[in-house]
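A short reminder: the numbers here are calculations on the coordinates, not readings from a lab. Computed from a predicted model, the values in this text were never measured in an experiment. Ideal geometry is used to build each Cβ from the backbone, glycine not excepted, and the neighbour counts take in all protein chains shown.
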Amino acid sequence: MHPFTLDRPRDLAAALALRAQAGRNDAPAEYIAGGTDMVQLLQEYVRQPERLVSLAGLLDNRIEIGPQGLRLGVAATMAEVAADPAVVEQFPLISEALLNSASPQVRNQATMGGNLLQRTRCPYFRDVGYAACNKRAPGSGCAAIGGENRWHAVLGTSDDCIATNPSDLAVALVALDAAVEIRGAGGSRSLPLVDFHRLPAATPHIETVLEPGEVIAAITVPASSAARRSHYLKVRDRASFEFAVVSAAVALEMDGARIRQARIALGGVGTKPWRVPRVEAALAGASLEPQSLRQAAALAAENAHGRGHNDFKIELMQRAIVRAVEIAGARA
Amino acid sequence: MAKHHVTTTINGDPVEFLCEPEQTLLDVLRDELGLTGSKEGCASGDCGACSVMVDDRLVCSCLVLGVEVDESTVETIEGMADGDKLHPLQQKFLEEAALQCGICTPGFLIAARALLVKNPDPTETEVRYWLAGNLCRCTGYDKIIRSVLDVASEMKRA
Ligand SMILES: Cc1cc2nc3c(=O)[nH]c(=O)nc-3n(C[C@H](O)[C@H](O)[C@H](O)COP(=O)(O)OP(=O)(O)OC[C@H]3O[C@@H](n4cnc5c(N)ncnc54)[C@H](O)[C@@H]3O)c2cc1C
Ligand code: SF4
Ligand code: FES
Ligand code: FES
């Protein structure tokens, strides 16, 4: 690791002030929460801040469920949220996505906020031995386009970056219409999680709409009956402890044997957690017949663009949608 | 860079140490405190050889900065046996040859103990998924999984 100073401020206002001047992603001063992504990237010299500002103990870690829905304090760990009885009962999709992520060790340490802000697993981004990575070194090119790109995105890509967002949690939350509460020196705001991550376009190093210094303070998820009839399907190269090749988060409202409303988000295929509104529209009123599911799922592939090694994801994500809808639909 | 003064309890004893901001808990344990039981297999959270307990939570010490355990309680493999008396998991690993080179063993033992505290009667699937973050390149896992299940059933009978 490059040498840095570490501040452990006593309150959030002090932390916001320390970080505020520093700029956006990969600034000279950065926050650290659980550290499971940050420390790894520090060890690999991918991130080289001069100063780290610890968020330990400064942000809410409560998990609250009421008639309005769910509120997750952003310092809650992945393990705490996954095991929370009310989350398991009313928002099983969130618990499933978390239990399918990482290992017990990482889930015990990693926070909700850090999870939403974890960096891509693009192997070129994480290895400074490769010079070309627009996300790590703006303007340097993209080693993945024309390189090994089996793990990369087929939706929302640009000519400057094709990296996926690796968070499983974010996929489940986007399907459930979650919002993030953001706090900065100037006050608070809230926005839909689906608008939080940015498409790479020509600036893949700017990954979210966070302004310099802002923190995520909480995640809110509206109550809905669909949240219970849900399924998180994660397709990966081994049964456990691996990132998604493709994942599908599905939540359904049923009307007898027919789908009244479907909410679907995909992981492993988009440069950000990827909602598929056209598929959802086609499923409204549809039965669970494989034929109609298959037709609707095909709409996810509109505008999908493979780069060679990852072409298989275009077919795989459609099958993942079909399977996840079938499983969710079969739930009582 | 200025060193940080950190106050902790490690394996039941009060411990104070000085550390650089960029030293991980694993670096501190091994290089500053001479507790070399925790191993570094990857330094990226992928192998579990560095598993320790911090405030009763199983974590990878390679992903925790040393400074961040100030005022915390840490438990490592060095505290697992009671004097000369091995922990039942340690004893069982020996009896069932659940180790070969031994690099992964401290991490597996700490992780397995954490499992049995949380879930004293796990299924084989639960043991396998809980230990998914611990990699072993020698044993093929079966003997490790069987040892954990055997200790669980002996604890149940006891
Ligand atoms: C071995 C391994 C396997 C993994 N497998 C998976 C997997 O299968 N699925 C998956 O989804 N994830 C996986 N992960 C990623 C893991 O989920 C993240 O590392 C973790 O969630 C990050 O949380 P943290 O609290 O440790 O964040 P940190 O590492 O502390 O921070 C990450 C980033 O978020 C910023 N940050 C943190 N909190 C806030 C906040 N409140 N406001 C503003 N900025 C903030 C930090 O500045 C930093 O840039 C894996 C990680 C490891 C190490
Ligand atoms: S895909 Fe994005 S993160 Fe990966 S090498 Fe290209 S620019 Fe870097
Ligand atoms: S050394 Fe920490 S997980 Fe491998
Ligand atoms: S005994 Fe050698 S790695 Fe497990």
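Where in the stretch A:271-305 does the label zone of A:ARG319 land, with the point 7 angstrom along Cα→C-beta and an amide N cut-off under 17 Å?
The answer is A:290-291, A:293-301, whose backbone nitrogens lie closer than 17 Å to the label point.
How far apart, in nanometres, would the label points at A:SER225 and B:GLU124 be if each is projected 7 angstrom from Cα along the Cα-to-Cβ direction?
The modelled label-to-label distance comes out at 4.2 nm.
Can you tally the net charge around A:ARG278? Count Lys and Arg as +1, Asp and Glu as -1, for every other residue whose Cβ sits under 15 Å from the Cβ of A:ARG278. Walk me through the numbers on the way to the answer.
Details: positive: A:ARG263, A:ARG275, A:ARG294; negative: A:GLU280, A:GLU302.
With Lys, Arg at +1 and Asp, Glu at -1, the neighbours total +1.
Determine the sum of side-chain charges near A:GLU80: Lys and Arg each +1, Asp and Glu each -1, restricted to other residues whose C-beta is under 11 angstrom from that of A:GLU80.
Values: positive: A:ARG62, A:ARG107, B:ARG57; negative: A:ASP84.
In short, +2.
What share of all Cα pairs of the stretch A:5-53, in percent, falls into each consecutive 10 Å distance bin?
27, 57, 16, 0
Starting from the eigenvalues of the Cα gyration tensor, five times each then square-rooted, give me the equivalent ellipsoid semi-axes of the stretch B:1-45, largest first, whole Å.
18, 15, 8
Assuming 0.890 mPa s and 25 °C, estimate D for chain B with Stokes-Einstein, Rh taken as the Kirkwood radius over Cα pairs, in µm²/s. The partial results should precede the final answer.
Values: Rh = 16.0 Å.
For the chosen part, D equals 153 µm²/s.
Could you give the spread of the C-alpha atoms of chain A along their three principal axes, from largest to smallest, in whole angstroms?
59, 49, 34
Contour minus end-to-end for A:GLU44 and A:ARG238, with contour as 0.36 nm per residue of separation and end-to-end as the Cα-Cα distance? It would help to have the intermediate numbers written out before the result.
Details: separation 194, 0.36 × 194 = 69.84 nm, distance 2.47 nm.
Going from the current span to full extension adds 67.4 nm.
Whose amide H sits under 5 Å from the amide H of A:ARG275, counting only residues 5 or more places off or on another chain, with H placed in the peptide plane?
A:LEU266
Nearest 10 degrees, 0 to 90: what angle lies between the long axis of helix B:105-118 and the longest principal axis of chain B (Cα atoms)?
Rounded to the nearest ten degrees, it is 70.
Show me, for the stretch A:236-242, the HN-Hα J-couplings you get by feeding each phi into the Karplus relation (A = 6.51, B = -1.76, C = 1.60, θ = phi - 60°), rounded to Hz, glycine and proline as x.
The phi angles translate into 8, 7, 9, 5, 8, 6, 8 Hz.
If Lys and Arg each add +1 and Asp and Glu each add -1, what is the summed charge of the other residues whose beta carbon sits under 14 Å from the beta carbon of A:GLY114?
Numbers: positive: A:ARG47, A:ARG107, A:ARG119; negative: A:GLU30, A:ASP37, A:GLU80, A:ASP168, A:GLU207, B:GLU68.
So the environment of A:GLY114 carries a net charge of -3.
Spelling out what I want: for every residue of the stretch B:91-100, take phi, set θ = phi - 60°, compute 6.51 cos²θ - 1.76 cosθ + 1.60 (Karplus), and round to whole Hz; glycine and proline get x.
Along the stretch B:91-100, the couplings run 4, 5, 4, 5, 4, 9, 6, 7, 8, 10 Hz.
Counting partner chain Cβ atoms within 10 Å of every residue's Cβ in B:54-60, what's the average?
Details: counts 2, 1, 1, 8, 8, 11, 10.
Shielding by partners across B:54-60 averages 6.
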